[in-house]
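Report on one structure; see the data block that follows.
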Amino acid sequence: MKVIFNGKIMTENEILENKAIVFDEKIVDIIDEKELGKYEYEEKIDAKGNYVLPGFIDIHIHGAGGKDVMDGSIEALETISKTIAAKGVTGFLATTMTMGKEDILKAFDNVKEGMKKGMSGAKILGIHMEGPFISKEKMGAQNPKYIMKPDYELVKNYLDIIKIITLAPEEDENYKFIEKIKSNSDVVLSMGHTSASYEQAIEAINKGITHATHTFNAMTPLNHRSPGVVGAVMNSDITCELIADCIHVHPGAFNVLLKVKGNDKVVLITDSMRAGCMMEGLYELGGQEVIVKDGAARLKDGGSLAGSVLTLNIALKNIVENTNQDFPQAVKMLSLNPAKLLGLEKSKGSLAIGKDADIVIMDTEYNVEKTIIEGK
């Protein structure tokens, strides 16, 4: 048994002071600090007055620490896992991208092996498949050479580990792929890299789309005569991702999205590529050269944004500093909301007795002091 004391403990609804969290692999108890003698501990952790938060869950991350999910190696997954754990991430979806079928399947098999083996840092919770079922008009930094129509055969053997599939619904003829996935799995279907009209997007939502990938980016914008995918996101109950780096999306748009959707429908993501937590310079994403400079990652040819180098602790900072969300509301967007999206809210996403001991100690400057994953 271990205990964290002398911290500000954030539960789903409030911040607790003069309390302590007792845990092993799961949270055993939340007690008054006066009752510390109630249990015997192998380790006592002094939070030194800092925040004690639920672990962060990144449902959209390609890489970090110089490695990418598409590298297709256990070493790459280990590096990503350790790198993002230092920024408070306790679980993540290994996110693939538009490359050849062989490369995608190799990445799938590698993630499956990594999940079985276990990581020494953040836990792999599954796969987010971003591409190749996307629109060439809104491909962003994806490689047009490998874009294809939605194909159930490509994914059918991996529906146990795929948790999210990003697709352009207008590329799915008669929404057959959407209907097939919905009838054969609990995979979350997400609109992204899409040039769909408002009408097409709404119809896709009615057919089974329940999520939006990096909202505002790589989708048809809101216009008063053509509301686009952004309009459909705002005029529906679907959940939506947000890259809160103040580069992909203006802070003013953070506020618009949160006012329309409410904070329980927004999930903060990084969309980080291999340059995450690395120095500025030249990198690679899906076989394309990327220049990282001034906090932005852009394709060397053309200048399109190519993922990000954001970390979730900084996304949290940007939301708190640029919106009217209070600290607990903002934390929910990178802990409980993604847990609910993945159907993991009974075990992850908040600090409560019986849930996994996924815990982050963070100071008032958003620096992560300690990350605990399932008690370790």
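For Lys293, a cut-off of 25 angstrom between C-alpha atoms picks up these lysines, skipping any fewer than 8 places away in its own chain: Lys67, Lys82, Lys87, Lys138, Lys317. Report the Cα centroid-to-centroid distance between the range 47-118 and the range 257-301 in angstrom, as an integer. Each part's Cα centre sits 15 Å from the other's.
Across every pair of different alpha-carbon atoms, what Kirkwood hydrodynamic radius in Å does the range 1-144 reach? Working shown, then result.
Values: mean 1/r = 0.0574 Å⁻¹.
The answer is 17.4 Å.
Our helix-only sum for the chain, with -39,500 (n - 2.57) per DSSP H run of n ≥ 4 divided by its residues, gives a mean residue ellipticity at 222 nm of -7000 deg cm²/dmol.
Relative to the compact globular guide of 2.2 N^0.38 Å, what is the alpha carbon radius of gyration of the range 163-288, as a ratio?
In units of the 2.2 N^0.38 Å rule of thumb, it is 1.11.
With the simple spin-label model, which puts each label point 7 Å out from Cα in the Cβ direction, the Asp363 to Leu16 separation comes to 2.6 nm.
GNM remark for the chain: springs join alpha carbons under 10 Å apart, and the peak mean-square fluctuation among Gly63, Gly303, Gly114 falls on Gly303.
Where only protein heavy atoms count, and the probe is 1.4 Å, what is the accessible area per residue for the chain in Å²?
Numbers: 15340 Å² over 376 residues.
Accessible area per residue: 41 Å².
For Tyr51, the accessible area of its heavy atoms, probed at 1.4 Å with every protein chain present, is near 50 square angstrom. Compute the distance in nm between two label points, each set 7 Å from the Cα along the Cα-to-Cβ direction, one at Glu42 and one at Leu282. Placing both labels 7 Å beyond Cα along the Cβ direction yields 4.9 nm.
Normalised radius of gyration for the range 312-352, please: alpha carbon Rg relative to 2.2 N^0.38 Å, two decimal places.
Values: Rg = 10.8 Å, N = 41, 2.2 N^0.38 = 9.0 Å.
Cα-based Rg divided by the globular estimate yields 1.20.
A full extension of the chain between Asp24 and Thr210 corresponds to an added length of 63.4 nm, given 0.36 nm per residue minus the alpha carbon distance. Relative contact order, whole percent, for the chain stands at 20, derived from Cα pairs under 8 Å and 6 or more residues apart.
Taking Val52, Val256, Val187 as the candidate residues, the one with maximal mean-square fluctuation in a Gaussian network model of the chain, Cα springs under 10 Å, is Val256.
Distance between the pseudo-spin-label points of Asn255 and Lys82 (7 Å out from Cα toward the beta carbon): 4.3 nm. Computed packing ranks the peptides 325-337, 305-317 as 305-317, 325-337, most packed first, by mean other Cβ atoms within 10 Å.
Reported to two decimal places, what Rg/Rh ratio describes the chain when computed on Cα atoms with Rh from the Kirkwood expression?
Values: Rg = 20.2 Å, Rh = 20.8 Å.
Reported Rg/Rh (Cα atoms, Kirkwood Rh): 0.97.
The calculated FRET efficiency for Lys117 paired with Asp186, based on their beta-carbon distance and R0 = 30 Å, is about 0.80. Of the solvent-accessible surface of the chain, computed with a 1.4 Å probe and all protein chains present, 45% belongs to carbon and sulfur. The angle between the Cα long axis of helix 251-261 and the longest principal axis of the Cα atoms of the chain comes to about 90 degrees, rounded to the nearest 10.
Panel note: the C-alpha atoms of the range 1-73, placed on their principal axes, show extents of 50, 28, 20 Å (largest first). If you run the Gaussian network model on the chain, springs between alpha carbon atoms under 10 Å, then out of Asp160, Asp294, Asp24 the most flexible one is Asp294.
Shown in residue order for the range 12-24 are the 3J(HN,Hα) couplings computed by the Karplus curve 6.51 cos²θ - 1.76 cosθ + 1.60 at θ = phi - 60°: 4, 10, 7, 9, 9, 10, 6, 10, 9, 9, 9, 8, 10 Hz (x for Gly and Pro).
The values are calculated or read from the model by the stated rules, or taken from the named source; none is laboratory data. In this text, all values refer to a predicted model and were calculated from it rather than measured experimentally. Glycine gets a Cβ as well: all are built from the backbone with ideal geometry, and neighbour counts include every protein chain shown. The area values use the complete protein model at the heavy-atom level, side chains included, leaving out ligands, DNA and RNA. Shrake-Rupley method; radii C 1.70, N 1.55, O 1.52, S 1.80 Å.
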